[in-house]
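**Q** Structure incoming, see below.
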Amino acid sequence: MIQHLTSLPVLLPMLAAIILLLPPCGKNLFARRLASSVMAIITFVVSVLLLITVHNEGINVYAIGNWSAPFGIVLVADMLSSLLVALTSFLGVMVVLYGCAGDDEHGSFFHPLIHFLILGVNGAFLTGDLFNVFVFFEVLLIASYALLMHGGGKQKTKAALHYVILNLVGSSAFLIGLGILYGVLGTLNIADMAQKISLLTGDDVYLAKAGGLLLLVVFALKSALLPLHLWLPNTYSSAAPVVAALFAIMTKVGVYAMLRVYTVMFGEQAGELEHMAQTWLWGLAIATIVVGAIGVLAAQDLRKITANLVLVSVGTLVALVSLQNINATAALLYYLVHSTLVCAALFLLADIISIQRGKVGDRLVAGRVVKQPFLLGTLFIIAALTVIGMPPFSGFVGKIWILKTTLNSENAMVFWPAYLITSLVLIIALARAGTSLFWEGKYTGSEPNDAPNAHPLQVIAIVGLLICSVMLVVFGGAISEYTIKAATQLHDISGGINAVLKGGV
Amino acid sequence: MELLYASCVGVLISCGVFLLLRARTFPVVLGLTMISYAVNLFLFSSGRLTTNKAVVLGTGADYADPLPQALVLTAIVIGFAMTAFVVILAIRGRADLGNDHVDGHLVKSKYKVRK
């Protein structure tokens, strides 16, 4: 059992989705909710087990069908990927719990699709083979296409059309990039490619560079980096909030792929192609942060604000990817976990607020007051402080760490002002949002607020996500130690290559 | 053969991009299909173009690379699924939005249409 642990975070969601499609779960709502929650929790527990195992025993390589790398397909669980798998599974549990409060009735197949999405994301994190990154991308994308339409409506159809078409073009570019790299290197296993890139000579170097940069375009599209970010605010703000909360992990898949390709493959030992994406990534990342902040300031409702906050976090993450050193990668991992959780919490919170405010929804205008101002207000201020990066929550720790790691880089003169002014802008925007959502209410004493109270499961999901942000501070020492170890493991390229090519269960 | 093959891929891609830029769902779907054909051809060629070589049978030393064929097969299957999805979505969009423009509304013409 224990040697198959690496494959379970991919297999369990698939099993869960299939169970949920079959009778009795297919018809019976209660059975479906129960099965979905139980399977999500099992997946989470298994992911944590994998995390602990990898932490204690080092990189775990699982050769599917016992065909060893580089010819067979392998799943590679190192500290980085197992951390992200655990994060995804946790987010999955929270989203399923939130969905069980009633959001899953707005459309069919909510629960199976959630599990298919988790399957795709976990697979993309675990696979050690670039072509399978593509395959798992498609798995998570097709689940996300269907989830985006969950609930229906004009706005969603429009956003989905743009999103699907853009991603199909992106997938084509991904395949062309893969084709070029395969033609040059003769392999698609990431570890094997990393080994062979340094041996390239002559024109092959330029071909590999073209292939690698084409992949950069694809990953920039998936993670919504600046010129290719335009789809994100619309898509995320028109999706059902519970779906948008799960989507918070999807941009991070693009960042993860960048980390793998440009740190491991085109990393320190890539010869002529060493750090080839660095200059591009750095500039675009800062531009993304700035544009995201402008978007936050310009947004008219809470969901759009949150969607633009996702953009800001992507910009920050990519800036750290481009630094390509251990400390920056460790800060990146910490910030990634924090930003995914808090953005998801904000999406869910926006949903409850908009239900309780009736017609005005989550738009930043004077309207009916929320029914549970104390509960929602407290949650909102915690989430806002976390996402801005004010003490005492995890955003603050992440921000200090990021500023510290960028201090010595040559472009700190650009990054520091951009990042700090952005934080100021975020404070202003979120303070304004909180003011209009909670204070600018029209007190109409005559008509009682007939909106439903927040369902206990909804509160549990949001509190669960926000508690993690507190945990990230309380156990900050242990977690930062873990991320530093994970970053060291990622940057130890030859160690990784040896583990994948010589290992195998 | 290389020249013919390369031009074929190039023409397919450029037609596909042209159709994508039409911004109406039906041409866009056609364009996506063309691009995915071009991509499949391109992937196939990444194992080098050869003629009269055996598939891997374990007999000859000289064989065609089987991996791109496996990749193309996967890419075709995924491409089919995605195309099917985008067709259904386009139909849904036509029904929901009332026209087939990808933005959901037609660009207003500068010239008045005589009724």
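**Q** So for segment B:53-68 (the condition being modelled with pLDDT of 90 or more and more than 9 Å from chain A (Cβ to nearest Cβ)), does at least one residue qualify?
**A** Pass one, segment B:53-68, residues modelled with pLDDT of 90 or more: none.
Looking for residues that are modelled with pLDDT of 90 or more and more than 9 Å from chain A (Cβ to nearest Cβ), one finds none in segment B:53-68, hence no.
**Q** Continuing with the same structure: Is it the case that segment A:163-174 has a residue that's outside any helix (DSSP H, G or I) and under 23 Å from B:GLY79 (Cα atoms)? Working first, answer last.
**A** Taking segment A:163-174 and keeping what is outside any helix (DSSP H, G or I), we get none.
No, because not a single residue in segment A:163-174 is outside any helix (DSSP H, G or I) and under 23 Å from B:GLY79 (Cα atoms).
**Q** Hey, can you tell me all the residues within segment B:71-91 that are more than 10 Å from chain A (Cβ to nearest Cβ), over 23 Å from A:ILE180 (Cβ atoms) and in contact (Cβ under 8 Å) with a residue 24 or more places away in the chain?
**A** Of everything in segment B:71-91, just one residue is more than 10 Å from chain A (Cβ to nearest Cβ), over 23 Å from A:ILE180 (Cβ atoms) and in contact (Cβ under 8 Å) with a residue 24 or more places away in the chain, namely B:VAL87.
**Q** Ok, one more. Search segment B:10-34 for residues being more than 10 Å from chain A (Cβ to nearest Cβ) and not in a helix (DSSP H, G or I), and hand back the single one that is nearest to A:ALA159 (Cα to Cα).
**A** Looking at residues that are more than 10 Å from chain A (Cβ to nearest Cβ) and not in a helix (DSSP H, G or I), I get B:ARG24.
**Q** Does B:ILE88 meet the test of being under 15 Å from A:VAL164 (Cα atoms), of a type outside the set (Phe, Trp, Tyr), part of a helix (DSSP H, G or I) and out of contact with any Leu (no Cβ under 8 Å at 6 or more places or on another chain)? It would help to see each step written out before you state the result.
**A** Working: under 15 Å from A:VAL164 (Cα atoms): yes; of a type outside the set (Phe, Trp, Tyr): yes; part of a helix (DSSP H, G or I): yes; out of contact with any Leu (no Cβ under 8 Å at 6 or more places or on another chain): yes.
Yes: the conditions hold for B:ILE88.
**Q** Additional query: In contact with an Asp or Glu (Cβ under 9 Å, 6 or more places away or on another chain) and either at positive phi or not aromatic (Phe, Trp, Tyr) (or both) - does that describe any residue in segment A:143-150? Quick ask: steps written out before the conclusion?
**A** Keep residues of segment A:143-150 that are in contact with an Asp or Glu (Cβ under 9 Å, 6 or more places away or on another chain), which gives A:150.
Imposing the further condition that a residue be either at positive phi or not aromatic (Phe, Trp, Tyr) (or both) reduces the set to A:150.
Taking every residue of segment A:143-150 in turn, at least one turns out to be in contact with an Asp or Glu (Cβ under 9 Å, 6 or more places away or on another chain) and either at positive phi or not aromatic (Phe, Trp, Tyr) (or both).
**Q** Would you check which residues across segment A:174-193 are closer than 14 Å to A:VAL133 by Cβ and aliphatic (A, V, I, L, M) and list them?
**A** Once the filter is applied, which keeps residues that are closer than 14 Å to A:VAL133 by Cβ and aliphatic (A, V, I, L, M), segment A:174-193 yields A:LEU175, A:LEU178, A:LEU181, A:LEU188, A:ILE190, A:ALA191, A:MET193.
**Q** Now, a different point. Among the numbered criteria (1) within 11 Å of chain B (Cβ to nearest Cβ); (2) within 21 Å of the chain's Cα centre (by Cα), which one does A:GLY179 miss?
**A** A:GLY179 satisfies all of (1) within 11 Å of chain B (Cβ to nearest Cβ); (2) within 21 Å of the chain's Cα centre (by Cα) except (2).
**Q** Conditions: (1) acidic (Asp, Glu); (2) surrounded by fewer than 19 Cβ atoms within 10 Å (Cβ to Cβ); (3) not in a loop (DSSP other than H, G, I, E, B). A:ASP192 meets all but one. Number of the miss?
**A** That leaves (2) as the condition not met.
**Q** Here is a further query. Can you tell me which of (1) in contact with a Phe, Trp or Tyr (Cβ under 6 Å, 6 or more places away or on another chain); (2) more than 14 Å from every other protein chain (Cβ to nearest Cβ); (3) farther than 30 Å from A:PHE266 by Cα is the one A:VAL85 doesn't meet?
**A** It is condition (3) that A:VAL85 fails.
**Q** Now for a separate question. Can you spot a residue in segment A:301-308 that is surrounded by fewer than 24 Cβ atoms within 10 Å (Cβ to Cβ), touching a Leu at 6+ places or on another chain (Cβ under 8 Å) and not basic (Lys, Arg)?
**A** Among the residues of segment A:301-308, at least one is surrounded by fewer than 24 Cβ atoms within 10 Å (Cβ to Cβ), touching a Leu at 6+ places or on another chain (Cβ under 8 Å) and not basic (Lys, Arg), which makes the answer yes.
**Q** Ok, one more. Looking at A:GLY102, A:GLY58, which is the one that is under 30 Å from A:MET258 (Cα atoms), within 25 Å of the chain's Cα centre (by Cα), surrounded by fewer than 16 Cβ atoms within 10 Å (Cβ to Cβ) and of a type in the set (Gly, Ala, Ser)? Give the derivation first.
**A** On the way: A:GLY102 fails: under 30 Å from A:MET258 (Cα atoms).
Of the residues listed, the single one that is under 30 Å from A:MET258 (Cα atoms), within 25 Å of the chain's Cα centre (by Cα), surrounded by fewer than 16 Cβ atoms within 10 Å (Cβ to Cβ) and of a type in the set (Gly, Ala, Ser) is A:GLY58.
**Q** If you don't mind, there's one more thing I want to ask. May I ask you to list the residues in segment A:416-458 that are among the β-branched types (Val, Ile, Thr) and modelled with pLDDT of 90 or more? Show your work before the answer.
**A** Step one: of segment A:416-458, the residues among the β-branched types (Val, Ile, Thr) are A:421-422, A:425, A:427-428, A:435, A:444.
Hits for segment A:416-458 are A:ILE421, A:THR422, A:VAL425, A:ILE427, A:ILE428.
**Q** Exactly one of these conditions fails for A:ALA487: (1) free of Cβ contacts under 8 Å to residues at least 40 places away in the same chain; (2) closer than 30 Å to A:LEU80 by Cα; (3) part of a helix (DSSP H, G or I). Give me its number.
**A** Going through the list (1) free of Cβ contacts under 8 Å to residues at least 40 places away in the same chain; (2) closer than 30 Å to A:LEU80 by Cα; (3) part of a helix (DSSP H, G or I), A:ALA487 breaks only (1).
**Q** Looking at segment A:132-159 only, could you name the residues that are facing chain B (nearest Cβ under 7 Å) and at pLDDT below 90?
**A** Within segment A:132-159, the subset facing chain B (nearest Cβ under 7 Å) is A:135, A:138, A:142, A:145, A:154, A:157-158.
A:LYS154, A:THR157, A:LYS158 - these are the residues of segment A:132-159 that are facing chain B (nearest Cβ under 7 Å) and at pLDDT below 90.
**Q** Related question: Inspect all residues belonging to segment A:110-123 and state whether any of them is assigned to a helix (DSSP H, G or I) and facing chain B (nearest Cβ under 9 Å).
**A** Just the residues of segment A:110-123 that are assigned to a helix (DSSP H, G or I), to begin with: A:110-123.
Next cut, facing chain B (nearest Cβ under 9 Å) only: none.
Scanning segment A:110-123 turns up no residue that is assigned to a helix (DSSP H, G or I) and facing chain B (nearest Cβ under 9 Å).
**Q** When you go through A:VAL38, A:VAL54 one by one, which is the residue that is more than 14 Å from chain B (Cβ to nearest Cβ), modelled with pLDDT under 95, farther than 20 Å from A:LEU336 by Cβ and part of a helix (DSSP H, G or I)? So that I can check it myself, show each step before the final result.
**A** On the way: A:VAL54 fails: farther than 20 Å from A:LEU336 by Cβ.
Unique residue meeting the criteria: A:VAL38.
The values are calculated or read from the model by the stated rules, or taken from the named source; none is laboratory data. Because the structure is predicted, anything quoted here is derived from the model rather than measured. Glycine gets a Cβ as well: all are built from the backbone with ideal geometry, and neighbour counts include every protein chain shown.
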